[in-house]
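Colleague: Encoded as structure tokens, here's the structure I'll be asking about.
The values are calculated or read from the model by the stated rules, or taken from the named source; none is laboratory data. In this text, all values refer to a predicted model and were calculated from it rather than measured experimentally. Every residue, glycine among them, receives a Cβ derived from its backbone with ideal geometry; neighbour counts consider all protein chains shown.
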Amino acid sequence: MSTELLTMTGIRKEFPGVLALDGVDFRLFPGEVHALMGENGAGKSTLIKVLTGVYGVDAGTTTLAGTAVAFGGPGEAQQAGVSTVYQEVNLCPNLSVAENVCLGREPRRFGRIQWGPMRRRAEELLARLDVHVDVSAELSTCSIAVQQLVAIARALDVEARVLVLDEPTSSLDTGEVEQLLKVVRSLREQGLAILFVSHFIDQVFAVADRMTVLRNGKLIGEYRTADITPVELVTKMIGKELQVLETLEDSGPTRAEVAGAPVLLSAEDLGRKGGVEPFSLDIHAGEVVGLAGLLGSGRTELARLLFGADHADTGSVKIDGNATSLRTPRAGLDHRIAFLSENRKSEGLVEELTVRENIVLALQASRGWARPLSRRRQDEIARKYIKTLDIRPADPEALVGNLSGGNQQKVLLARWLITEPRLLILDEPTRGIDIGAKTEIQRLVTQLSADGMAVVYISAELEEVLRLSHRVVVLRDRKVVAKRENQGLTADDVMATMAEGVQA
Amino acid sequence: MTTLTRIKGYRPQQRHLPILATMALLIGAYIFGASSYDAFGSGQVVLDLFINNAFLLVVAVGMTFVILTGGIDLSVGSVVALSTVISGDLLQKHGWPAYAAIAVVLVVGALLGAGMGALIHFFEIQPFIATLIGMFFARGLCYTISTEAYSIDNATIATLAQTQIPLGGELHISISVVAALVVVAVAVYVLAFTRFGRTVYSIGGNAQSAMLMGLKTGRTKIAVYTISGFCSALGGLLLVLYKSSGDPLNGVGLELTAIAAVVIGGTILTGGSGYVLGTVLGIMVLGIIQTLITFDGTLNSWWTSIITGALLFVFIVLQRLVTRRTR
Amino acid sequence: MTGLTKKRLFWPVVALLVLLLGDLIASPSFFKIELRDGHLYGNLVDILKNGAPLILIAIGMTLVIATRGIDLSVGAVVAISGSLACLWIADHPDGLGATLVAVGLALGLSLVLGVWNGWLVAALGIQPIIATLILMVAGRGIAQLISGGQIITINSAPYEWIGSGFVLTLPSAILIALAVFVLASLLVRRSALGLLVEAVGGNPEASRLAGLRSARLTWLVYVFCALCAGIAGLMISANVHSADANHAGLFIELDAILAVVVGGTQLTGGRFSVGGAVIGALLIQTLTTTVYALGIPPEAIMLFKAVVVLAVCLLQSPAFRRRLRRRPPRPGQPAPAPAPEKVEVTA
């Protein structure tokens, strides 16, 4: 193998209150695909942003082809040959494919754009990626896969030496993924150094030569793909929790008890194209069902279907044995289903409103505008939940946008708890929360279950899922691959299923 | 490969649908007019559409640039009025030579536009509010310069106004029409063949992406408002030629007509899609409706605005359906 | 102090006070209020009375803007409502009954127009600025259609009371505006309407996931706004004893939008302040009254208005404040990208 094209050593990056990267090393060889792996918050995107000059570093050096570099921004990085393609396609949908590939560097004569040569140039670049589309078509008429490839073509238009692909496959279907991986391989043959970020384990194993694993901002290690198994990789990504939580008092109902309880919600062949493949699932009153799977495995999509945040294109839902349809969140709310989204900011909080207002929002929505909760009642509720969940600052009138992530999460939890749901869906409720708050939320789940509330619990932390759940549903590549009773189930078993899709 | 070639089946008429509809409407209206009224069929009626609406056409071209970026310019009517008033003041009161006055008017218009563009870009004031302030400002300047209308009798202006360019037979056009068509031609060229023009479209498509693609979005934004200011000033000058007067009450509500013409011409108000030629068609449609109502003689003038509103409704719903289907 | 300057109503209130103070210094009799024939007269009363229609419309507009919308059609609704009411009264003998019917008809039609706007925005999903543009363009034509292109002059004491009557020394227009203000304030703050509207404007997706029925709310605010405009239309026509389809309420939508924005409600929706809009409307009305009272040539009103509004808008602009704080900017170095606090998606 040739010498390193890019090296990053001892990278350290601190944000107020968070050490995002702590002494991370990374290297990239020409003609290789190098996967950067880690769960959310591991520091992958921070590392990419440091590389492309979006962030400066607090310590550490980056060298490109032997010279130390510190890019002032993505533009500068691109000039130097480091091009990035993001998950969200950053192109203009209303312009033609050719323009999206070439605009900014289009061939011109006396300021006049040479449309003919521009189209040919775009066609050539796309042909290099084995894409043959009408380049004068509007980009929006192309599939997401083609758009993604157009973005890559644009990145290659400059003399790229390093190509960063940040989750390029997350919105593609199986056939499209194949196409993209083929392109990645052929670019590798052409000598490009490719940094590949993906949450899909098999894609990584299919295409990467080498992988670097990060966890909590720290480098876990660099491995050759040939030397590591999927199970080992997942273990390294997730890690074992170092600190053992204080054991929860066993107040929740037992598996046998919940199995005997009436079925609250029953989904049959429920599915949504591009979200999750059809699955069937019965949820009993008082039962905690854990969803395990890596990010992008379809666990969030499954939860959204159960609430009505998205509507299913296949299958049916019965609640208390009566067929019903969950077409809107409102339908979910009316059936006393609650859904705590993993995207606090975009799908949960109304940041410019106060803690109190955010807490009462769902309850108020279900009552309609004409039946307001009295201010006294609102204050009462807000104060009660601020106390119960230990929300800080303990000020109902604080703007929710100014709270820390953990406290925002508790506000949202309070919003749903006061609607007294029969089924509570929690998507990553403990992400980015300190250990104390985590325990509180877990204890709360156990207690709610004891009170007869069914809970669907999603977490990237397997220990947590296993500790709380009566049953664990494992997802992989947008498919339910296993439904297991939580009896003698170990994290290793689940991990093996998550990674390989076979029941261990 | 298999999945990708499928996508090739792209139909160009989709995004051209609104503009084709406008064209059909225009032709339909003309045929209707020609079959109902004998005089309507004469070519001069069509040419008169251009002669009567030349100033409006120029203003609407400027508006098209702004709307293509997803912005809006409410100040155009006031800037038109201001241009006529400045012309009147300089020519009549101060006895300036015509070309010097014309130069001053054009510079003032462009500067006003640039100022609004700067407010929008640097201080992130919404285009609606910034140009609304510009609207009041320009109209206020009009009144401070003169509360009375100037009657303009400058010799050069009179010559420019009265020159008729014969097109053979009985047909003729005015200098204003030539000026307006030159503006249209330049605008078509700039939008289709320059990086600036394509940047205008890219901002309307996705301003964030355009910036990440390394395009100079800030500069372009300021430039489109400058262009709109310049076009409004030029439109004001053409109005001076048309009416031989400078009146602070000129162009009240003109911004609405211009916006309506742009929308009927198929440009989408959220930006990123549309053509200057569509705007020309939009102006023609509004003009022909006016002409039809004049020919009819029994319909009152208010039907113009009601029909314009109805057309707006039809075209907006049409655009909505088209964009929904492409998504 | 810094906390105070951040308060949403701080700058508009300061601007209003500065303006009034300027008036007081320039013309010590500006604040003088007289009691003549049991009616109050004076500049301050004038500001309130003449500003009443604008206040009404600004109140309705505030709710629309809070949902991330805008209503350009209010001026047209003013003309339509006034024309219809005056048409009825002109055709029917003088009397309280005719006035009540006229008011009912006019407000009923306003309601229908609000439903139309709401339908375009909430059901068809058309951008509010475009949706209401339709009625803005067509509305004056409709008003002229109703009035037959004539200015309808009327002579009806009960109707004229709406615009120029007095109750207990106070002009009735002020009382009507006050009543609507109190009603609107109660409606939004005593019911859950205010909270839900702010939630929808603040984060539509989060609101949807919290189970809000935003389409109904949107519909409701457009109807309310049109009703406010309808009342304003009655008031304007009653004040001048005639309906002028061409000029009644011309550009009042722009003044109302300015009033709302100056009053601290952002065009991007979310948090709103009905009181702020009233202050904004008073500020704009005070500008006009000031110009007349101080003997500034009335030609300068527009210029004056542009400058004051620009100042208030700049003071409220976060980008402007950032630039002020970081001056002088180094040449050739672009300001660092602003933190993505709130992605603004506007027309």
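Colleague: Pull up segment A:325-336, narrow it to residues that are within 20 Å of A:GLU420 (Cα to Cα) and either more than 10 Å from chain C (Cβ to nearest Cβ) or basic (Lys, Arg) (or both), then point me to the one that is surrounded by the fewest Cβ atoms within 10 Å (Cβ to Cβ).
Modeller: Selected residue: A:ARG336.
Colleague: For segment A:374-455, which fully contained helices (runs of 4 or more DSSP H) count at least 2 residues that are closer than 21 Å to A:GLN364 by Cα?
Modeller: It comes to A:375-388, A:405-417.
Colleague: Would you check if there is a residue in segment C:153-161 being at pLDDT 85 or above and either within 30 Å of C:ILE65 (Cα to Cα) or within 14 Å of chain B (Cβ to nearest Cβ) (or both)?
Modeller: Scanning segment C:153-161, I find no residue that is at pLDDT 85 or above and either within 30 Å of C:ILE65 (Cα to Cα) or within 14 Å of chain B (Cβ to nearest Cβ) (or both), so the answer is no.
Colleague: Same structure, new question: Given the conditions (1) free of Cβ contacts under 8 Å to residues at least 12 places away in the same chain; (2) of a type outside the set (D, E, K, R); (3) crowded, with 19+ Cβ neighbours inside 10 Å, and given that B:GLY88 satisfies all but one, which numbered condition is not satisfied?
Modeller: Of the numbered conditions (1) free of Cβ contacts under 8 Å to residues at least 12 places away in the same chain; (2) of a type outside the set (D, E, K, R); (3) crowded, with 19+ Cβ neighbours inside 10 Å, the odd one out for B:GLY88 is (1).
Colleague: I want to confirm something. Restricting to segment C:24-41 and keeping residues that are surrounded by 11 or more Cβ atoms within 10 Å (Cβ to Cβ) and among the hydroxyl-bearing types (Ser, Thr, Tyr), which single residue is nearest to C:TRP161 (Cα to Cα)?
Modeller: C:TYR41
Colleague: Could you name every one of the strands (runs of 3 or more DSSP E) located completely within segment A:16-83 that has at least 1 residues being in contact with a strand residue (DSSP E or B) (Cβ under 8 Å, 6 or more places away or on another chain) and at pLDDT below 85?
Modeller: Output list reads A:18-28.
Colleague: Out of A:LEU270, A:LEU264, A:LEU291, which single residue is modelled with pLDDT of 85 or more, in contact with a His (Cβ under 9 Å, 6 or more places away or on another chain) and part of a strand (DSSP E or B)?
Modeller: Only one candidate qualifies: A:LEU264.
Colleague: Output the residue which, of all residues in segment B:270-302 that are in a loop (DSSP other than H, G, I, E, B) and more than 30 Å from A:ALA137 (Cα to Cα), is nearest to the other protein chains (Cβ to nearest Cβ).
Modeller: Filtering segment B:270-302 for residues that are in a loop (DSSP other than H, G, I, E, B) and more than 30 Å from A:ALA137 (Cα to Cα), the one nearest to the other protein chains (Cβ to nearest Cβ) comes out as B:ASN300.
Colleague: Checking the condition away from chain B (no Cβ under 13 Å), in a helix (DSSP H, G or I) and farther than 27 Å from B:ILE145 by Cα, which residue from C:GLY280, C:GLY270, C:GLY275 passes?
Modeller: After ruling out the rest, the residue left standing is C:GLY275.
Colleague: I'm trying to understand the selection: among the residues of segment B:213-228, which are at the interface with another protein chain (Cβ under 7 Å from one of its Cβ atoms) and farther than 14 Å from A:PRO93 by Cβ?
Modeller: B:GLY214, B:LEU215
Colleague: Quick one: B:SER305 ticks every box in (1) more than 7 Å from every other protein chain (Cβ to nearest Cβ); (2) crowded, with 24+ Cβ neighbours inside 10 Å; (3) part of a helix (DSSP H, G or I) bar one, so which box is it?
Modeller: (1)
Colleague: Restricting attention to segment C:135-149, which residues are surrounded by fewer than 23 Cβ atoms within 10 Å (Cβ to Cβ), at pLDDT below 90 and at the interface with chain B (Cβ under 7 Å from one of its Cβ atoms)?
Modeller: Residue satisfying the conditions is C:GLY149 alone.
Colleague: Could you go through segment B:174-193 and let me know if any residue there is part of a helix (DSSP H, G or I), in contact (Cβ under 8 Å) with a residue 12 or more places away in the chain and within 14 Å of another protein chain (Cβ to nearest Cβ).
Modeller: yes
Colleague: Would you mention how many residues in segment A:365-388 are closer than 18 Å to C:GLU205 by Cα and buried (at least 24 other Cβ atoms within 10 Å of the Cβ)?
Modeller: Residues in segment A:365-388 being closer than 18 Å to C:GLU205 by Cα and buried (at least 24 other Cβ atoms within 10 Å of the Cβ): 1 in total.
Colleague: Can I ask one more? Find all pairs meeting these conditions: Cβ atoms under 7 angstrom apart; at least six residues apart or on different chains; first residue within segment A:128-155 and facing another protein chain (nearest Cβ under 7 Å); second residue among the aromatic types (Phe, Trp, Tyr).
Modeller: Short answer, once both residue conditions are applied: A:ASP134/B:TYR10; A:ALA137/B:TYR10; A:THR141/B:TYR10.
Colleague: Being under 14 Å from A:LEU423 (Cα atoms), in a loop (DSSP other than H, G, I, E, B) and not charged (D, E, K, R) is the filter here, so list the residues in segment A:306-324 that pass it.
Modeller: The one that is under 14 Å from A:LEU423 (Cα atoms), in a loop (DSSP other than H, G, I, E, B) and not charged (D, E, K, R): A:GLY308.
Colleague: Another question, then. Here are the criteria: (1) within 30 Å of C:ALA256 (Cβ to Cβ); (2) surrounded by fewer than 24 Cβ atoms within 10 Å (Cβ to Cβ). Tell me which single one B:SER78 does not satisfy.
Modeller: (2)
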